[in-house]
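Down below is the structure, laid out as structure tokens.
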Amino acid sequence: MAKAVTVAMARPADQETVTTAPGIGVVGPPDGGAAPDPDTGAAPGPDTGRARGSGPERTKPADMDAAAEFIRLHRHECPEAGEVGPRLLEIRRQIDLTGTYQHTSAELVFGARVAWRNSGRCIGRLYWRSLRVRDRRPVNAADDVAAECAAHLRTATNGGRIRPTITVFAPDRPDCPGPRIWNEQIVRYAGYQRPDGTVHGDSRNVDLTGLAIGLGWRGDGGRFDVLPLVISARGGQPQVFGLPPDVVLEVPVSHPRFDWFTELDLRWHAVPVITDMCLEIGGICYPAAPFNGWYMGTEIGARNLADRDRYNQLPEIAGRMGLDISRDRSLWRDQALVELNVAVLHSFDMAGVTITDHHTESRRFLAHLAREERARRVCPADWSWIVPPISGSATEVFHRYYDQADLRPTYVRHDRDLPALHPGPG
Ligand code: ARG
């Protein structure tokens with residue numbers, strides 16, 4: 001049986017206030033050891049594992065045009081960084097020699113921030129300049145990536161005063177792919193598929209839950225079990241790493257007027273740290289670059305806890321409110337939605353955890369647009385993502401159209417299937 005083992009982690013190269021190494025529980029496959037590679041019979045070490053039947057993935061050499069476009073943008077907005085010409089010569093030399101080039105710290109920070117500024121689906125971009133960048137490019141081993149993810153969560157959570165933060169791990173290089181985090185976010189809740197096809201927990205994470213279990217993780221079978229991180233490095237097999245429970249801040253959901261709300265036993269995690277998007281800067285792809293802002297209440301109250309294929313809480317809430325759920329036009333769903341959203345905002349406030357509401361955030365977004373216009377920049381925005389999922393027309397962002405440009409640097413979600421597990425022996 002798999003056994004959770006807490007191992008001492010090498011202290012992450014964290015120059016911030018985190019002073020203790022996050023203890024990451026490493027969970028091995030069912031036999032307690034690393035799964036042997038069926039082709040070679042070799043047991044993959046943390047970093048020596050290879051994708052089945054192939055060496056590490058090769059990635060293409062960096063594109064000089066993309067690099068030049070980025071360097072010009074950077075030097076245009078930050079002239080103090082120096083001249084374009086000499087930097088491009090240097091980059092060309094590095095690409096000729098190694099197939100890739102290295103960003104300076106200033107370029108990385110600028111690139112990560114501008115990638116946020118260019119994210120057309122994000123309503124929260126007013127503070128794009130304040131993104132904290134944790135440069136962890138030397139980190140490329142799965143266990144170190146896991147430890148740094150835990151450190152990221154701790155420093156970004158900041159006891160509830162959430163700080164927008166990104167941690168940038170090793171980029172893809174022609175000779176070695178960067179690490180990959182297979183989770184959608186650092187904190188996600190397990191979804192256990194029952195034999196009748198229904199799901200216990202968050203159905204969004206059924207596949208990842210299956211993968212984690214296949215790699216030796218054992219969940220508690222609850223509705224809000226925090227999944228382990230599933231990480232692969234250097235093209236090797238994925239490994240699971242349990243998050244230390246003390247880095248995961250969660251908020252229990254209560255309602256300012258409905259005392260029965262606590263009986264629903266709902267909760268949500270404080271910080272959304274996206275882990276499945278690549279950061280692309282100047283032709284370089286950083287496949288593991290977890291980043292976070294703070295929640296807008298509707299993400300939890302109008303989607304995660306409300307969607308029929310997620311936690312589907314509206315019938316229960318409406319029933320308890322005494323609404324007529326036999327007729328669509330009693331608008332029971334709408335009334336329940338509002339109260340669930342009231343509860344989410346109230347609960348985060350009570351817990352002292354940063355959260356924004358969709359009216360405030362709409363106003364801020366229009367302020368951001370006005371600023372970008374003053375700076376003579378195009379601000380791409382996708383209306384269908386910017387307009388909140390409840391009360392759209394009651395927010396200012398509903399009543400206009402936006403530019404739809406596809407600008408770089410950017411965060412992209414590459415289509416990729418979860419890694420297939422090796423068939424067990426026999
Ligand atoms: N919608 C996602 C969730 O509910 C989070 C996406 C990022 N959100 C954010 N506020 N930065 O978990």
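Within region 326-347, track down each residue that is of a type in the set (A, V, I, L, M, F, W, C), more than 16 Å from the ligand (Cβ to nearest atom) and farther than 18 Å from Glu263 by Cβ.
Once the filter is applied, which keeps residues that are of a type in the set (A, V, I, L, M, F, W, C), more than 16 Å from the ligand (Cβ to nearest atom) and farther than 18 Å from Glu263 by Cβ, region 326-347 yields Leu331, Trp332, Val338.
Pick from region 267-287 the residues that are not β-branched (Val, Ile, Thr) and not in a loop (DSSP other than H, G, I, E, B): which of them is farthest from the ligand (Cβ to nearest atom)?
Out of the qualifying residues, it is Cys285.
Select from region 257-306 the residues that are in contact (Cβ under 8 Å) with a residue 12 or more places away in the chain and among the β-branched types (Val, Ile, Thr) and list them in ascending order.
Those that are in contact (Cβ under 8 Å) with a residue 12 or more places away in the chain and among the β-branched types (Val, Ile, Thr): Val271, Val273, Ile274, Thr275, Ile281, Ile284, Thr298, Ile300.
What single numbered condition from (1) within 16 Å of the ligand (Cβ to nearest atom); (2) charged (D, E, K, R); (3) under 24 Å from Ala306 (Cα atoms) fails to hold for Arg194?
Result: Arg194 fails condition (1) only.
State whether one or more residues within region 76-96 are hydrophobic (A, V, I, L, M, F, W, C), under 22 Å from Pro164 (Cβ atoms) and in contact with a strand residue (DSSP E or B) (Cβ under 7 Å, 6 or more places away or on another chain).
Among the residues of region 76-96, not one is hydrophobic (A, V, I, L, M, F, W, C), under 22 Å from Pro164 (Cβ atoms) and in contact with a strand residue (DSSP E or B) (Cβ under 7 Å, 6 or more places away or on another chain), which makes the answer no.
If Ala343 meets every condition in (1) hydrophobic (A, V, I, L, M, F, W, C); (2) in contact (Cβ under 8 Å) with a residue 60 or more places away in the chain; (3) over 25 Å from Pro252 (Cβ atoms) apart from one, which number is that one?
Of (1) hydrophobic (A, V, I, L, M, F, W, C); (2) in contact (Cβ under 8 Å) with a residue 60 or more places away in the chain; (3) over 25 Å from Pro252 (Cβ atoms), only one is false for Ala343: (3).
Would you please name the residue that is farthest from the ligand (Cβ to nearest atom), looking only at residues in region 300-312 that are in contact with a Phe, Trp or Tyr (Cβ under 9 Å, 6 or more places away or on another chain) and aliphatic (A, V, I, L, M)?
Only one residue fits best here, namely Leu305.
Mind checking whether some residue in region 313-324 is more than 16 Å from the ligand (Cβ to nearest atom), free of Cβ contacts under 8 Å to residues at least 60 places away in the same chain, surrounded by 15 or more Cβ atoms within 10 Å (Cβ to Cβ) and assigned to a loop (DSSP other than H, G, I, E, B)?
Yes, region 313-324 contains a residue that is more than 16 Å from the ligand (Cβ to nearest atom), free of Cβ contacts under 8 Å to residues at least 60 places away in the same chain, surrounded by 15 or more Cβ atoms within 10 Å (Cβ to Cβ) and assigned to a loop (DSSP other than H, G, I, E, B).
Within region 209-220, take every residue that is small (Gly, Ala, Ser) and crowded, with 22+ Cβ neighbours inside 10 Å and give me the one that is farthest from Asp276 (Cα to Cα).
Among them, the one singled out is Gly216.
Please specify each residue of region 342-355 satisfying the condition of being buried (at least 20 other Cβ atoms within 10 Å of the Cβ) and either of a type in the set (Gly, Ala, Ser) or under 14 Å from Leu126 (Cα atoms) (or both).
Ala343, Ser347
So which pairs qualify, if the first residue must be in region 159-186 and closer than 13 Å to Trp294 by Cα, the second must be among the small types (Gly, Ala, Ser) and within 12 Å of the ligand (Cβ to nearest atom), the Cβ gap must be under 8 Å, and the two must be at least 6 apart or on different chains?
Gly160/Ala270; Ile162/Ala156; Ile162/Ala270; Ile162/Gly293; Arg163/Ala156; Pro164/Ala156; Pro164/Gly293; Thr165/Ala156
For Leu264, state whether it is closer than 25 Å to His346 by Cβ and more than 16 Å from the ligand (Cβ to nearest atom).
yes
So, in region 88-116, of the ones that are touching a residue at least 40 places away in the same chain (Cβ under 8 Å) and more than 18 Å from Pro174 (Cβ to Cβ), which residue ends up nearest to the ligand (Cβ to nearest atom)?
Trp116
Which residue pairs have Cβ atoms under 9 Å apart, sit 6 or more places apart or on different chains, and have a first residue in region 374-390 that is free of Cβ contacts under 8 Å to residues at least 12 places away in the same chain and a second that is of a type in the set (D, E, K, R) and assigned to a loop (DSSP other than H, G, I, E, B)?
Cβ pairs passing all conditions: Ser384/Arg121.
From the list Glu339, Glu372, which residue is closer than 29 Å to Ala112 by Cα, charged (D, E, K, R) and surrounded by 14 or more Cβ atoms within 10 Å (Cβ to Cβ)?
Glu372
Bear in mind these aren't lab numbers, they're just calculated from the coordinates by the rules spelled out. Owing to the predicted nature of the structure, the values given are computational and were not obtained by experimental measurement. Reconstructed Cβ throughout: ideal geometry from the backbone, glycine too, with neighbour counts over all protein chains shown.
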